[in-house]
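Asks: Sharing a structure below in structure tokens format, with a few things to ask.
The values are calculated or read from the model by the stated rules, or taken from the named source; none is laboratory data. The structure presented is a predicted model; accordingly, all values stated were derived computationally and were not measured. Positions of Cβ are generated from backbone atoms using ideal geometry, with glycine treated the same way; all protein chains shown enter the neighbour counts. Accessible surface is based on the protein model in full, side chains and every heavy atom, while ligands, DNA and RNA are left aside. Shrake-Rupley method; radii C 1.70, N 1.55, O 1.52, S 1.80 Å.
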Amino acid sequence: MQQLFATVAVGVFILASIVIGLRLLHLHRRTGDSPELLLGLMLLLVVGVGYPATIAAQFAGPGTARALVITSGLTLNSGSALLFLFTWRVFRHEEAWARSLAGAGVVALCAQAGWRWFDALSHDEVQFENQGGLLLMMLAFLWAAWESLRHYGMMRRRMRIGLGDVVLCDRFMLFGVWTSCSLAGVLMNTVAVWMHIDIRNNAWIQVGSSLIGLVQAGVLVLAFAPPRFYLDWVRERPRAFAS
Amino acid sequence: MADSTAFEAACLCLENSSSLTKPEARGTIRIALKEAGFEAKTATPKVLAAVVQRLLPDELRSRRVADPDAVCRKIAVALEGMTSESASETAEAVFKRLGGE
């Protein structure tokens with residue numbers, strides 16, 4: 001039952017991310033602007049390819065596992081690099097320190113991906129651990145979460161004096177929740193691996209990851225492909241944001 | 001990144017219309033903007049006008065500025081007719097577009 005729940009949750013999370021990722025890329029085709037390209041590609045690489053490859057590698061034979069480990073390393077790292085660039089571009093594009101942070105994140109992730117590739121090819125045994133990459137990924141999610149939730153706070157204050165957009169306020173909150181959940185999920189798995197917990201068979205890890213995945217799927221859709229009834233509900237609640 | 005033209009105009013007017021020094025005037029308006037969820041770098045004339053009307057009077061009263069309402073009216077007049085400078089895209093504009101609006 002638990003395995004079934006985990007499988008369904010992971011499936012829903014991956015499917016939602018692919019749908020939103022493709023939707024954002026379609027938007028980029030129309031607008032030519034970079035944020036939709038960066039975020040759309042990030043979702044497809046990290047959740048559409050990297051995450052499933054990471055899971056599949058743990059159940060595959062040695063040859064296939066090595067290929068999957070290399071694939072997951074490349075896609076997770078490149079996706080995280082895109083998230084660094086997205087956060088800089090959207091929230092801090094005029095700030096020199098943010099440009100430096102994004103640049104450093106991209107360089108570190110590229111270097112780490114290269115090292116992981118070399119490491120995977122030069123050992124007979126498949127190396128599943130990726131602490132360096134996961135740490136950089138957590139930093140990317142942490143920065144994105146911070147900026148998004150900061151903007152949520154700013155939008156709430158605007159609502160109090162009648163200058164805010166309640167749907168926009170809600171969107172910043174949803175993206176902040178999504179990035180925070182991503183951070184929590186990666187942190188949970190990183191700590192579990194560090195403590196030598198078998199994450200494939202541990203009930204707490206599986207349930208925790210599943211719940212996080214379902215929340216992520218939900219907030220992602222509500223943020224970037226909100227159904228009409230949800231928008232109507234948000235627009236009827238301006239006082240809730242103003243309090 | 002420099003502060004917006006509207007912010008500079010509001011600060012200058014406040015400094016000239018009250019007993020506040022230049023740093024005090026800038027700090028007061030900056031605090032009012034922050035309370036309203038805005039930043040000095042991107043504050044447009046419309047935003048400044050709303051903040052001056054709704055939040056600045058209380059800030060000036062707490063700083064014992066004489067006749068804060070009159071001071072705020074002068075700042076509002078100084079902001080009238082100012083146009084927003086062309087600014088780079090804000091996070092709000094990006095998120096509005098990403099949500100399909």
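Asks: Given (1) crowded, with 21+ Cβ neighbours inside 10 Å; (2) not in a helix (DSSP H, G or I), where does residue B:64 come up short, assuming only one miss?
Replies: Result: residue B:64 fails condition (1) only.
Asks: Every residue in segment A:1-21 that is over 15 Å from the mean Cα position of the chain (by Cα) and either of a type in the set (Lys, Arg) or part of a helix (DSSP H, G or I) (or both), please. Can you show your working first?
Replies: Here is the first cut: in segment A:1-21, the residues over 15 Å from the mean Cα position of the chain (by Cα) are A:1-9, A:11.
The answer is A:2, A:3, A:4, A:5, A:6, A:7, A:8, A:9, A:11.
Asks: Return yes or no: is residue A:62 open to solvent by 30 Å² or more (accessible area, probe 1.4 Å) and not small (Gly, Ala, Ser)? Write out each step before concluding.
Replies: On the way: open to solvent by 30 Å² or more (accessible area, probe 1.4 Å): yes; not small (Gly, Ala, Ser): yes.
Against the criterion (open to solvent by 30 Å² or more (accessible area, probe 1.4 Å) and not small (Gly, Ala, Ser)), residue A:62 qualifies.
Residue-wise test of (1) crowded, with 17+ Cβ neighbours inside 10 Å; (2) away from every other protein chain (no Cβ under 14 Å).
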residue: A:150; (1), (2): no, no
residue: A:159; (1), (2): yes, no
residue: A:169; (1), (2): yes, no
residue: A:173; (1), (2): yes, no
residue: A:191; (1), (2): no, yes
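Asks: I'd like to check which helices (runs of 4 or more DSSP H) are fully inside segment A:151-243 and have at least 2 residues that are within 17 Å of residue A:51 (Cβ to Cβ).
Replies: A:166-194, A:203-224
Asks: Can you find even one residue in segment A:27-35 that is within 30 Å of residue A:153 (Cβ to Cβ), touching a residue at least 24 places away in the same chain (Cβ under 8 Å) and within 14 Å of another protein chain (Cβ to nearest Cβ)?
Replies: yes
Asks: Looking only at segment B:35-58, decide whether some residue is open to solvent by 70 Å² or more (accessible area, probe 1.4 Å) and either among the aliphatic types (A, V, I, L, M) or away from chain A (no Cβ under 14 Å) (or both).
Replies: No, there is no match, as no residue in segment B:35-58 is open to solvent by 70 Å² or more (accessible area, probe 1.4 Å) and either among the aliphatic types (A, V, I, L, M) or away from chain A (no Cβ under 14 Å) (or both).
Results for (1) farther than 17 Å from residue A:54 by Cα; (2) loosely packed, with under 14 Cβ neighbours inside 10 Å; (3) basic (Lys, Arg); (4) within 14 Å of another protein chain (Cβ to nearest Cβ), shown as yes or no for each residue.
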residue: A:74; (1), (2), (3), (4): no, no, no, no
residue: A:123; (1), (2), (3), (4): yes, yes, no, no
residue: A:134; (1), (2), (3), (4): no, no, no, no
residue: A:146; (1), (2), (3), (4): yes, no, no, yes
